[in-house]
1. Between ALA63 and THR23, what length in nm is gained on full extension when 0.36 nm per residue of separation is reduced by their alpha carbon distance?
2. Once the Cβ-Cβ distance between ASP75 and ALA33 is put in as r, and R0 is 41 Å, what FRET efficiency do you end up with, to the nearest 0.05?
Amino acid sequence: MIGLVLSFTTHRQPRLRNIRILTFLLAAPMLLAVTFWIFLRFTIVKEPPTLTDLQRDFPSKRADIEMILRMSDEDLTFSRIAPTFLDRTPDNPHKFGR
């Protein structure tokens, strides 16, 4: 009787281990997908700020915005203001400006 119980428990352990490994292998891609979606949602795919947010943040950014406005008024060929861009002269699109 004791041999039967020990035999039953020793055969059961590898099966439980295999079930745990299989569960991990099936759950890991789902967890990675959910984590990636959360990362995209909160870092890359952001909604534009609301008018209330812009009005609240304007006083602290006013000097920078006025400087950009003055710079754009001084340079008539300035075509675009962005963190990354390739500026080309308007009359010849194949010649680089700055």
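Every read-out reported here was derived from the displayed coordinates using simple, explicitly stated rules and does not represent laboratory data. Since this is a predicted model, take the numbers as computed values, not measurements. Backbone-built Cβ (ideal geometry, glycine too); neighbour counts: all protein chains shown.
1. My answer for the length gained is 8.8 nm.
2. The computed FRET efficiency comes out at 0.30.
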